[in-house]
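Take a look at the structure below.
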Amino acid sequence: MAGNSQRRNRRTSNKKGMQVGSGGNRRRGLEGKGPTPPASARKGHKKNRIAGAQAKQAAARRPAPRRGGAKGTSEMVVGRNPVYEALRDGVPATTLYVQQYIDNDERVRDALQLAGQRGNINLMEAPRPELDRMTNGLNHQGLVLQVPPYEYAHPEDLTAAAYDNHEDPLIVALDGVTDPRNLGAIVRSVSAFGGHGVVVPERRAAGMTAGAWKSSAGTAARTPVSRVTNLTRALEGYQKAGITVVGLAADGEHTVEDLDALGGPVVIVIGSEGKGLGRLVGETCDYRVRISMPGGAESLNAGVAAGIVLYEAARRRA
């Protein structure tokens, strides 16, 4: 009898007392998890491993992302008038060094005021021997301005900017232009006539120094300059992208006003005033054009010549 009673208790024990519910888990478990993903998306499946391996191979073949263009070197502007003019003309700067116990004349006060208005230029006081050391003994007159390295664009950045604006690229390349003031003037003309940038070679050519910044009259802040190791290869790269390369030469076969190619995607190559285009650069050009000069002058300043051709290109695009 005792055994029968224990068996009855075991059968009925689950029906007595408080019961804990499932919280709907059983119902949700019956609802399913949606359609079965394809084999290539199921972790551990053979097709998933194959798809992963193919993705890695594709990533390895893909070219590495571009890191931007080259950087210039830092520069020092020395002397009261040069420092004041650089600050007035918007030349980028990181630090203004002022000699201890300097005679506080009008130029010094104006320079300090301009640096303070910028808000992002550090003001540092330094003894005269320290400024002498920094400037290698130049006549700094108690003021030294540190200009940061210029960040050059990549050549492809210039065309990308044009296409982003749904425009045909209009670029100027310089071959042998060594005067920073000419470079600054050309940057200014490119900006004025709706161009998309300037290309300069690394060697035997002017770079974006403080002097170039001043000559650009502030337009260097919005007109990119690209620096390339080999100008001929850079021009060939533009040609492969469907851009016409036009070289300016005194003995060119075409005149600027007669060349229809200036109305489309074009790179205008300007040589030095004395030597003109280099041989390889000249042979790379699709067209060689000249500027008609009834007055009989043999050549024009590079900045002036660039302005004339850019005007004609802008007129055709209007």
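Would you mind counting up the charge near Q117? Only other residues with Cβ under 14 Å from its Cβ, with Lys and Arg at +1 and Asp and Glu at -1. Before the final figure, lay out each step's value.
Values: positive: R88, R109, R118; negative: D89, D110.
Taking every other residue near Q117 into account, the sum is +1.
With Cβ to Cβ distances under 12 Å as the rule, what net charge do the other residues near G303 carry (K, R +1; D, E -1)?
Numbers: positive: R181, R188; negative: D179, E273.
Its environment carries a net charge of 0.
State in Å² the accessible area per residue of the stretch 145-301; use a 1.4 Å probe, count heavy atoms of protein chains only, and round to the nearest integer.
Working: 7210 Å² over 157 residues.
With all protein chains present, the stretch 145-301 gives 46 Å² per residue.
With an 8 Å cut-off on Cα pairs and a minimum separation of 6 or more residues, tell me the relative contact order of the stretch 204-309 in percent. Write down the numbers at each step before the final one.
On the way: 114 pairs, mean separation 30.9, N = 106.
Relative contact order here is 29 percent.
Loop only per DSSP, at most 15 neighbouring Cβ atoms within 10 Å: give me the GluC sites (Glu not before Pro) in the stretch 209-279, ordered by residue number.
Values: sites: E236, E253, E257, E273; in loops: E253, E273.
Passing both the DSSP loop test and the Cβ count: E253.
What list of ³J(HN,Hα) couplings, whole Hz, do you get for the stretch 149-155 from phi and the Karplus terms 6.51, -1.76, 1.60, once you set θ to phi - 60° and write x for glycine and proline?
Here the 3J(HN,Hα) series is x, 6, 9, 6, 7, 7, x Hz.
Could you work out the relative contact order of the stretch 133-267? I mean the mean sequence separation of Cα pairs under 8 Å and 6+ apart, divided by the number of residues, in percent. Write down the numbers at each step before the final one.
Numbers: 189 pairs, mean separation 34.9, N = 135.
Relative contact order, the stretch 133-267: 26 percent.
Can you pull out the GluC sites (Glu not before Pro) in the stretch 140-190 that DSSP calls coil and that have at most 15 other Cβ atoms within 10 Å? Please report the intermediate quantities before stating the final value.
Numbers: sites: E151, E156, E167; in loops: E167.
In loop regions of the stretch 140-190 (DSSP not H, G, I, E or B), the sparsely surrounded GluC sites (Glu not before Pro) are E167.
Can you give the net charge of the other residues whose Cβ lies under 14 Å from the Cβ of G264, counting K and R as +1 and D and E as -1?
Numbers: positive: R315, R316, R317; negative: E167, D168, D260, D286, E312.
Counting the neighbours of G264, the net charge comes to -2.
DSSP loop (so not H, G, I, E, B), at most 15 other Cβ within 10 Å: list which trypsin sites (Lys or Arg not before Pro) in the stretch 140-208 pass both filters.
Details: sites: R181, R188, R203, R204; in loops: R203, R204.
Hits after loop and neighbour filter: R203, R204.
Using a 1.4 Å probe on the protein chains only, how many percent of the accessible area of the stretch 163-318 belongs to carbon and sulfur? Write out the running numbers ahead of the final one.
Values: 3430 of 7270 Å².
C and S atoms contribute 47 percent here.
Kindly report the accessible area of the stretch 82-128 per residue (heavy atoms of protein chains, probe 1.4 Å, no ligands, DNA or RNA), in Å². Working shown, then result.
Numbers: 2740 Å² over 47 residues.
Dividing the accessible area of the stretch 82-128 by its residue count gives 58 Å².
The values are calculated or read from the model by the stated rules, or taken from the named source; none is laboratory data. All of these numbers come straight from a predicted model, not from anything done at the bench. In this analysis, Cβ positions are derived from the backbone assuming ideal geometry, glycine residues included, and neighbour counts consider all displayed protein chains. Keep in mind that these areas ignore ligands, DNA and RNA; they rest on the heavy atoms of the full protein, side chains included. Shrake-Rupley method; radii C 1.70, N 1.55, O 1.52, S 1.80 Å.
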